[in-house]
Amino acid sequence: MRVTANAKLGLVALSAAIVFVAVAQRLKSAPRQSVRVEMQVAMPLFVQVFMAAGDRNLAANIAAIRALVVETRKMTPDEFAILGKVQEDVSWLNPGHEDNYYIAAAILPWVGEVDPAQRILARATKARYYDYQPAFYYAFNQLHFKGDALGASAWMREAAEKLPEGDERLQMQNLAAIWLDKAQDMDLAIRVVEGMAQQAKRRDFRSYLEMRVARLRGLKDLRAAAVVYRSRFARPLVDVNDLVASGVLRALPDDPFGFGYEFNKQGDIVLRNRPPPKKP
C-alpha cells in the first residue's frame with residue numbers, strides 16, 4: 001500500500017507532537033534556575049537612540065521608565081551597578097530629566113552607587129538651573145557618604161541660591177555653615193563662613209554667622225594646642241581643660257553659643273552642638 005504525501009506529513013507531525021510532549025514533560029520536572037530580567041544589561045547609547053528613531057529625549061524616557069518600574073528588593077550589587085549605568089545614560093541623553101535624578105537620589109547612594117548618583121545630580125543641577133533639589137541631594141550625599149564637609153557646604157550654598165529670599169533659604173545657608181564644623185581644613189572653613197557673613201543681607205543672620213566664625217577660630221586654636229600638648233608631654237590630650245592646667249593655653253577659647261567643646265570617637269576635638277550635660 002502506497003503512503004500518500006499527506007499521510008507522510010501527518011506521521012511526521014504526529015511524531016513531532018509525541019516528541020514535544022515527552023520533552024515538555026521532562027523539562028517540567030527538571031530543576032531550573034529562575035532568571036530575573038530587572039537589570040541584566042545596559043545598552044550602548046547609540047543603540048538606545050537608534051531604537052528611539054534618533055530622538056534622544058524619547059530614548060531617555062524609555063530608559064527612565066525601565067529604571068522606574070524595576071523591582072529593587074532582590075537585586076544584586078551587579079544589577080544595581082547596571083541600574084546606575086542605565087540612569088547615567090538617561091542623564092546624558094536628557095540631563096534635566098526630573099524622574100531620573102529623583103530616583104537616582106532615592107536609590108543609588110544607599111546601595112553603594114554613590115558616584116553615578118552624584119554625576120546624575122551634578123548634570124541635573126546644571127540643566128535645571130531653577131531647581132534647588134539636585135544640588136541639595138548632592139550636598140547631602142557628599143557629606144553623608146563621602147565625608148566631604150567643605151564640598152557638601154558648597155553644594156548646599158548652591159542649592160540655597162536657587163531659592164527665593166526667605167526662611168527656607170536661610171535654613172539651607174545655616175546648614176551649609178553648620179556642616180563646616182566638620183571640615184578638616186579649618187582655615188578654609190573660616191574663610192567660607194566669613195564670606196557668607198559678609199554677603200548676608202539680614203543683620204541677625206550676619207551676626208549669627210560671625211558667632212560661628214568665632215567658634216571655628218576657637219576650635220582651630222584648640223586643635224593646634226592639642227598638637228603642642230602631645231609633642232610636649234608625649235601623650236594624647238583627653239580633656240581640653242588639661243590645656244590650661246598644663247600651661248599650654250592661658251584659657252580655653254570662649255564659645256559664643258555656650259556649648260563648648262568635646263572629643264569625637266576618633267579622639268579629635270570638635271564643637272559641641274548641644275548644651276553640656278548637667279553635673280550631678
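Numerical summary
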| quantity | calculated |
| --- | --- |
| Every pair of residues 6+ apart whose Cβ atoms lie under 7 Å, when the first sits in the range 231-255 and is over 23 Å from Pro275 (Cβ atoms) while the second is assigned to a loop (DSSP other than H, G, I, E, B) and among the small types (Gly, Ala, Ser) | Phe233/Ser246; Pro236/Gly267 |
| Qualifying residue in the range 97-107 (condition: at pLDDT 85 or above, among the small types (Gly, Ala, Ser) and either surrounded by 22 or more Cβ atoms within 10 Å (Cβ to Cβ) or touching a Ser or Thr at 6+ places or on another chain (Cβ under 9 Å) (or both)) | yes |
| Criterion (surrounded by fewer than 16 Cβ atoms within 10 Å (Cβ to Cβ) and under 21 Å from Glu262 (Cα atoms)) met by exactly one of Gln171, Gln184 | Gln184 |
| So Val248, is it exposed (fewer than 13 other Cβ atoms within 10 Å of the Cβ), at pLDDT 90 or above and either hydrophobic (A, V, I, L, M, F, W, C) or not in a loop (DSSP other than H, G, I, E, B) (or both) | no |
| From the options Ala154, Ala122, Ala176, residue that is in a helix (DSSP H, G or I), in contact with a Ser or Thr (Cβ under 8 Å, 6 or more places away or on another chain) and not polar (S, T, N, Q) | Ala176 |
| Tabulated pairs, the range 116-134, first touching a residue at least 24 places away in the same chain (Cβ under 8 Å) and within 20 Å of Ala81 (Cα to Cα), second of a type in the set (A, V, I, L, M, F, W, C) and assigned to a loop (DSSP other than H, G, I, E, B), C-beta under 9 angstrom, 6+ apart or interchain | Ala117/Phe145; Gln118/Phe145 |
| Among (1) within 23 Å of Asp167 (Cβ to Cβ); (2) part of a loop (DSSP other than H, G, I, E, B), the one test that Arg235 misses | (1) |
| Subset of the range 179-223 that is closer than 17 Å to Leu143 by Cβ and outside any helix (DSSP H, G or I) - its residue that is farthest from the chain's Cα centre (by Cα) | Asp185 |
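The values are calculated or read from the model by the stated rules, or taken from the named source; none is laboratory data. Worth saying up front: this structure is predicted, and the values here are computed from it rather than measured. Neighbour counts run over all protein chains shown; Cβ positions are idealised from the backbone, glycine included.
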